[in-house]
Amino acid sequence: MPRPNRFRDLLRIGPVQVGTHTDGRGRTKHTAACTAPGCGFSVDYLDRSAAELAARTHHCPPGKG
């Protein structure tokens, strides 16, 4: 069973949270995930600035957030 991600260096930009974690292979990844109910937006990047850009430009679908 895979271990859960332990996020560090969390940042909230609107409804989107950006966090850094290490995957199962030891690589550092940066995730942007929307916390609005029913949105479902989540993406991993190799670069922190790309994850923050995705968080700043994210718009929830109509009726989802």
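Derivation of every value follows stated rules applied to the coordinates shown; laboratory data play no part. Keep in mind the model is a prediction, meaning the values are calculated, not measured. In this analysis, Cβ positions are derived from the backbone assuming ideal geometry, glycine residues included, and neighbour counts consider all displayed protein chains.
The residues neighbouring residue 50, those whose beta-carbon lies less than 14 Å from its own, together hold a net charge of 0 under the Lys/Arg +1, Asp/Glu -1 convention. Note on the chain: helix-only mean residue ellipticity at 222 nm, from DSSP H runs of 4+ residues weighted -39500 (n - 2.57) and normalised by residue number, equals -4500 deg cm²/dmol. Applying 0.36 nm per residue to the separation of residue 27 and residue 56 and subtracting their alpha-carbon distance, the gain on full extension is 8.0 nm. Here the chain is assigned +1 on the Cβ of each Lys and Arg and -1 on the Cβ of each Asp and Glu. Its dipole about the Cα centre then comes out at about 180 debye. Taking every alpha-carbon pair within the chain, the share separated by more than 19 Å comes to 31 percent.
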